[in-house]
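The structure appears right after this line, and notes come after that.
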Amino acid sequence: MKPSPPSQRVAAQLPLGMASGLPLFLTGPTLTAWLESEAISIEAIGVFALVALPYNLKFLWAPLLDRFRLPWLGRRRGWMLLFQLLVCSSLVLLAAQQPQGSLLAIAVLALATAVLSASFDVAVDAYRTDVLEEDERGRGTSAYVIGYRLALIVAGSGALILADVVGWRSTYLIMAALVGLGAVASWWAPATEEIEAPRSLRESVVAPFSELLGRRAIVGLLAIVVLYRVGDSLVMHMIVPFLLEIDFSNTEIGVVQKGFGMAATILGVWLGGSLVDRLGPWKALLLFGLVQALANLGYIALAVGDRSLVMLAAAVVVDNVCNGLGTAAFVTFLTALCHHRFSATQYALLTSLSTVLGRLLAAGSGFVVAALGWAALFGGTVAAAIPALAVIYVLARKKIAVGQSARAV
């Protein structure tokens, strides 16, 4: 097979990221906005939070995508194309429903869309792991994340604005068409090198874990996966309640956090992707993890002193640029950890592990605020970075390989 040009391998990640991000809000915040506009009860709207569960449980069926391949477009792209077409079809059916008369049908279709979208995520994450060369991972990862973030804007703010103009049914049909157009990216994306798949379903379940656990310094590597984003999870969970409590309006929060903040995140991801390939994984993780943690000091300043709109904008922009840097380094790190034979299962497992501790700690964040105040919470997010940074420093000093060469010897 003739190798694809590096520019195509990297460029393909942008539309694939957009295809991955579009369904998330269409089955989440945008869907709940539709239900609210149709006077659906708040209790019923709350239950729709369960629709997001497939994104957390996708590692359970990821081995199937490692084990089996479809008879077109190779091991990864065949699944990608199939799931995109199914997501498109599901959204078309969703658009045909009326919340007041077919709420159960909407729930079933939203759940089906989430399952199909999560399955596409498994396939596209594995594809990105397989197709990018080592010196392309940073740029390819940043292209994917930027596409993903742009899709959230389109399916979030864009869909809400569109609904006011053309109505919800037409909005969902337009979004379905965008997903359908995104299927072209799966066809156009370069083929991956053909790698032997697991020979049995049992091997596709057991071997990814045994291969991963056989890596040199695996305890330290997994510690980084679990710990690196803890502080960020705490900030994301509590930032809006914090800003509302210190008397910023919904409009101010929306413009600064969702507008300036999203642009700053995209800038940070782009910069991070460019720098990761030059710095290498360990330096990037250490440097970007440090600045990501220190950026939360801006929220401490808001909590104890200057609460002006200028200070809010400065804190949000700095935090989001640094968060984008950290995201680029961390996703590149996860990509490098995966073995090409088992990349669907291993990447899905690693991403699930990376969110568990942060979500558990976030559940208690309100109690910390009630007892100690907001400054203590944000100070804790800075301190929460120390364990991960310490492990990164130790493994970097020992010259532990991040990629597949990191197997125990």
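The values are calculated or read from the model by the stated rules, or taken from the named source; none is laboratory data. In this text the structure is predicted, and so the values were computed from the model without any measurement. Here the Cβ is made from the backbone with ideal geometry for all residues, glycine too, and neighbour counts use every protein chain on show.
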Residue satisfying condition, being surrounded by fewer than 21 Cβ atoms within 10 Å (Cβ to Cβ), in contact (Cβ under 8 Å) with a residue 24 or more places away in the chain and in contact with a Gly (Cβ under 8 Å, 6 or more places away or on another chain), within set ALA44, ALA52:
ALA52
Considering (1) surrounded by fewer than 16 Cβ atoms within 10 Å (Cβ to Cβ); (2) more than 21 Å from the chain's Cα centre (by Cα), say which one SER274 fails and leave the rest.
(2)
If we scan the range 355-378, do we find a residue that is over 27 Å from GLY259 (Cα atoms) and among the charged types (D, E, K, R)?
no
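Could you check the range 78-101 and list, in sequence order, the residues that are under 22 Å from GLU36 (Cβ atoms), of a type in the set (A, V, I, L, M, F, W, C) and in a helix (DSSP H, G or I)? If you could, list the steps in order and put the result at the bottom.
Initially, the range 78-101 is screened for residues under 22 Å from GLU36 (Cβ atoms), giving 90-91, 93-101.
Within this subset, residues satisfying the condition of being of a type in the set (A, V, I, L, M, F, W, C) are 91, 93-96.
Selection gives LEU91, LEU93, LEU94, ALA95.
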Got at least one residue in the range 38-45 being modelled with pLDDT of 85 or more, among the hydrophobic types (A, V, I, L, M, F, W, C) and in contact with a helix residue (DSSP H, G or I) (Cβ under 8 Å, 6 or more places away or on another chain)?
no
Among the residues of the range 202-255, the number that are under 18 Å from ALA375 (Cβ atoms) and not in a helix (DSSP H, G or I) is 3
I'd like to check something: does the range 58-79 contain any residue that is within 14 Å of THR27 (Cα to Cα), of a type outside the set (Asp, Glu) and surrounded by fewer than 17 Cβ atoms within 10 Å (Cβ to Cβ)?
no
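Out of all the residues in the range 23-46, which are of a type in the set (Ser, Thr, Tyr) and in a helix (DSSP H, G or I)? Outline the logic, then answer.
Taking the range 23-46 and keeping what is of a type in the set (Ser, Thr, Tyr), we get 27, 30, 32, 37, 41.
Passing the criteria: THR30, THR32, SER37.
Across the range 296-317, which residue is surrounded by the most Cβ atoms within 10 Å (Cβ to Cβ) among those that are outside any helix (DSSP H, G or I) and not acidic (Asp, Glu)? Break it down stepwise before answering.
Going residue by residue through the range 296-317, those that are outside any helix (DSSP H, G or I) are 296, 305-308.
Remaining after also requiring not acidic (Asp, Glu): 296, 305, 307-308.
Details: ASN296: 27, GLY305: 10, ARG307: 14, SER308: 10.
Within the range 296-317, the match that is surrounded by the most Cβ atoms within 10 Å (Cβ to Cβ) is ASN296.
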Within the range 80-102, tally of residues that are surrounded by 24 or more Cβ atoms within 10 Å (Cβ to Cβ) and of a type in the set (Val, Ile, Thr)
1
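Among the residues of the range 162-201, how many are part of a helix (DSSP H, G or I) and among the acidic types (Asp, Glu)? Lay out the reasoning, then the answer.
Taking the range 162-201 and keeping what is part of a helix (DSSP H, G or I), we get 162-166, 168-188, 201.
With the extra rule that they be among the acidic types (Asp, Glu), the set shrinks to 164.
Residues meeting the conditions: 1.
So, LEU104, is that one under 26 Å from PHE260 (Cβ atoms) and assigned to a helix (DSSP H, G or I) or not? Spell out how you get there, then give the answer.
Numbers: under 26 Å from PHE260 (Cβ atoms): no; assigned to a helix (DSSP H, G or I): yes.
No; evaluated as a whole, the condition is false for this residue.
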Evaluation of ALA293 against (1) touching a residue at least 24 places away in the same chain (Cβ under 8 Å); (2) part of a loop (DSSP other than H, G, I, E, B) (one fails), failing number
(2)
Restricting to the range 76-131, name every residue that is out of contact with any helix residue (DSSP H, G or I) (no Cβ under 8 Å at 6 or more places or on another chain) and of a type in the set (A, V, I, L, M, F, W, C).
LEU82, LEU104, ALA105, VAL108
